[in-house]
């Protein structure tokens, strides 16, 4: 199948009149599938709320991407998506025939937006089909699954990036820069909160209420809090302690409703974090020797912003986080350069998620 894939690409390039000199200019073959406009063709894998309400609309705002395909297990959704986005019959797939994407030069990228328990399966299918993989957060269920995705993408020589839209958001990028430059002295303490109330009203059939599918506060929202603590300090934790708050046990029969954690870093800095489906809050606070700064909100789709203790506003605008994320990831493909958020970044957070669960279960401090 791999040989057939590359033969198809070669025939396409010949038909478009593109020579080897074009490829030698640093443009990956994947990026040329749409001809001279060099836009990256994206297939969304999973047509749930995030694909429908955020990613598909955002793709209409991108400069370097096009929504060209869909993969779904819900046939009733297909006509609506085709009518709304002009998706060709040949670019519509189900989960059983997704592997045949290998024969489709329209599609350069699969963006996996299924429940997390299926991220590994469909990311690997996409990679084996020779497609670049954009995998939504949380990356997978455990560290081994993350490693399997990374390995499949390396084996097939395709790029892998995780859908951490905030790393493409300008005010969050300022926090990363402050962690690097330390203008307020040593970072001593961080506080992160990524939570929303009302989760107890979700249907028990919702995958977000099922731990086995990657649901619960820690998997779903906690990744924002854990990742925020990491990029705010610029360090990797050396230990974690965590516990769950039990609320609505009749509703949260499998997934955690609230998880509270403490991270310890090599410099001596600590981070206190909370994530919840039944409490509200969304902020990042960084306390240093000579000042403080933060974001509130820190992880919403719009309006991320904050200030520093000396009056600097962190309020750079962005038109659409997801569009910026996908354009940046598309440019990495077009110019064959490193992605901003590689698979290893997602793996590090999943390692922390798993350690938090272990700490909450055993009552012990987990040392890395």
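The values are calculated or read from the model by the stated rules, or taken from the named source; none is laboratory data. The structure displayed is predicted, hence computed values, not measured ones. Cβ sites come from the backbone with ideal geometry, for glycine too, and all protein chains shown count toward neighbours.
Of the residues 286, 339, the single one that is in contact with a strand residue (DSSP E or B) (Cβ under 7 Å, 6 or more places away or on another chain), modelled with pLDDT of 95 or more and not assigned by TED's automatic domain parsing to the domain that holds residue 183 is 339. Can you spot a residue in the range 141-152 that is at pLDDT 95 or above, touching a strand residue (DSSP E or B) at 6+ places or on another chain (Cβ under 8 Å), within 19 Å of residue 350 (Cβ to Cβ) and surrounded by 23 or more Cβ atoms within 10 Å (Cβ to Cβ)? Scanning the range 141-152 turns up at least one residue that is at pLDDT 95 or above, touching a strand residue (DSSP E or B) at 6+ places or on another chain (Cβ under 8 Å), within 19 Å of residue 350 (Cβ to Cβ) and surrounded by 23 or more Cβ atoms within 10 Å (Cβ to Cβ).
Quick one: would you say residue 218 is over 22 Å from residue 120 (Cβ atoms) and either touching a residue at least 12 places away in the same chain (Cβ under 8 Å) or out of contact with any strand residue (DSSP E or B) (no Cβ under 8 Å at 6 or more places or on another chain) (or both)? So residue 218 does not fit the description; no. Scanning the range 88-107 for residues that are more than 18 Å from residue 65 (Cβ to Cβ) and either part of a loop (DSSP other than H, G, I, E, B) or free of Cβ contacts under 8 Å to residues at least 24 places away in the same chain (or both) yields 89, 90, 92, 94, 95, 96, 97.
In this structure, residue 303 qualifies as without any contact (Cβ under 8 Å) to a residue 12 or more places away in the chain, assigned to a loop (DSSP other than H, G, I, E, B) and not assigned by TED's automatic domain parsing to the domain that holds residue 60. Quick check: is even one residue across the range 328-348 farther than 25 Å from residue 181 by Cα, in a helix (DSSP H, G or I) and free of Cβ contacts under 8 Å to residues at least 60 places away in the same chain? No, the range 328-348 has no match at all.
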